[in-house]
1. Just a yes or no: is a residue in segment 291-311 surrounded by fewer than 16 Cβ atoms within 10 Å (Cβ to Cβ), in contact (Cβ under 8 Å) with a residue 12 or more places away in the chain and assigned to a loop (DSSP other than H, G, I, E, B)?
2. Restricting the search to segment 57-111, which residues are within 22 Å of residue 171 (Cβ to Cβ), part of a loop (DSSP other than H, G, I, E, B) and either of a type in the set (A, V, I, L, M) or touching a residue at least 12 places away in the same chain (Cβ under 8 Å) (or both)?
3. With respect to residue 61, determine if the residue is in contact with a helix residue (DSSP H, G or I) (Cβ under 6 Å, 6 or more places away or on another chain) and β-branched (Val, Ile, Thr).
4. Could you tell me which residue of segment 270-290 is farthest from the ligand (Cβ to nearest atom), considering only residues that are part of a loop (DSSP other than H, G, I, E, B) and touching a residue at least 24 places away in the same chain (Cβ under 8 Å)?
5. Taking segment 17-56 as the search range and keeping residues that are touching a Leu at 6+ places or on another chain (Cβ under 9 Å) and among the polar types (S, T, N, Q), which one is surrounded by the most Cβ atoms within 10 Å (Cβ to Cβ)?
6. Which of (1) of a type in the set (A, V, I, L, M, F, W, C); (2) part of a helix (DSSP H, G or I); (3) at pLDDT 95 or above; (4) away from the ligand (no atom under 16 Å from the Cβ) is the odd one out, the single condition residue 323 does not satisfy?
7. Can you name the number of the only condition in (1) within 14 Å of the ligand (Cβ to nearest atom); (2) part of a strand (DSSP E or B) that residue 141 fails?
8. Kindly indicate whether any position in segment 25-34 is farther than 14 Å from residue 119 by Cβ and either of a type in the set (S, T, N, Q) or at pLDDT 95 or above (or both).
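The values are calculated or read from the model by the stated rules, or taken from the named source; none is laboratory data. Computed from a predicted model, the values in this text were never measured in an experiment. Every residue, glycine among them, receives a Cβ derived from its backbone with ideal geometry; neighbour counts consider all protein chains shown.
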Amino acid sequence: MTTALIFHPGYLLHEQSRDHPERKERLSYTMDQIREEGLMQHPAVKVIAPKEATIEEVSRVHIPEYLAFLEHSSKKGGFIDFDTNVPVGLFPHALLAAGGAIRAADAVLDGEVENAFALIRPPGHHARQGTGAGFCYLNNMAIMVRHVQGRGIRRVMILDWDAHHGDGTQMIFYEDPSVLFTSIHQMPFYPGSGSVDETGSGRGAGFTANMPVPAGTGDESYRYLFETVIEPLAREFSPELIAVSAGQDNHYTDPLTGLALTARGYAGLMKHAVALARELCGGRLVAILEGGYSVEGGLPYTNLGIIAAMADLDLQSIREPAIYGEWLARAADPSAHARVIENAASLRTHLAPFWACFR
Ligand SMILES: [Zn+2]
């Protein structure tokens, strides 16, 4: 089976400012690494260029007033928050990112490939119905989910492993039982939400599962959360598609965060997710790039590890250059795992009324 990489040269055009952490090198260095490893021509990988999402497609998530604001301020430049301005020309770039997420889903639903990774920017998981935030403008994940639901997929499980809580995505689906939103993220940290007692409301009660982790959390804890929270929930929810908000800012070299995941840890996580998708939903898995700012550090290697895991390639050689070794020792906190176990136990208690697997 093959894996699609969704990429467009237009993803390198968006720029808030030269020194902004969400800059084009995040993706251009990853693409260089992918070329260097020969993955562009690999028989298990299919590179697909997407087109812009339509206004109708993004309107399934965002309100017209916000879309009009984005379109208008893209002409002269504008401002959303201190991390997120609207550079001239933004709107078509944001539509192209959303279009990449949609194209990834179509490649999977049409059986062109088994799974797909949308290597897109700007990212999306902080964007809400009526505003952008935290480097995000359009919620690419939510737009993709509404698109697949329009194509007949009833239940989608989202796994958001970006270091920051996916507050925008959570809010969009908070009352919606057709989408199980799960998130592992550093806490306390930006944006401040994502505690274990945020479990959804109304008809969506029980369909949000937050796994906050302290700074210093590494591979072992992510594996633990996957096995003790994500897998049992997934088996009971029985998704028809698994969607990963793949933020690579948990890597121990990331300059914005304090976590300690390695490239092999990322590859292992994705391997788990792929196995779960094969067990539950015919292998249907769509990954969408969110954050990850270690442009000159681990980022290209984490993306490579994820792709290798999706395409069943040999994972043995996926590792960061040895010179980063000391960084890992500095980033990792051995006491973090006990906190992770505690938080996960508390989450299971909060979710027990809704899920038999936690009773
Ligand atoms: Zn992030």
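1. There is at least one residue in segment 291-311 that is surrounded by fewer than 16 Cβ atoms within 10 Å (Cβ to Cβ), in contact (Cβ under 8 Å) with a residue 12 or more places away in the chain and assigned to a loop (DSSP other than H, G, I, E, B).
2. 60, 61, 62, 63, 83
3. Judged against the criteria, residue 61 is a match.
4. The residue in question is 283.
5. If we take residues in segment 17-56 being touching a Leu at 6+ places or on another chain (Cβ under 9 Å) and among the polar types (S, T, N, Q), then 30 is surrounded by the most Cβ atoms within 10 Å (Cβ to Cβ).
6. For residue 323, the failing item is (3).
7. Just one mismatch for residue 141, condition (2).
8. No, every residue in segment 25-34 fails to be farther than 14 Å from residue 119 by Cβ and either of a type in the set (S, T, N, Q) or at pLDDT 95 or above (or both).
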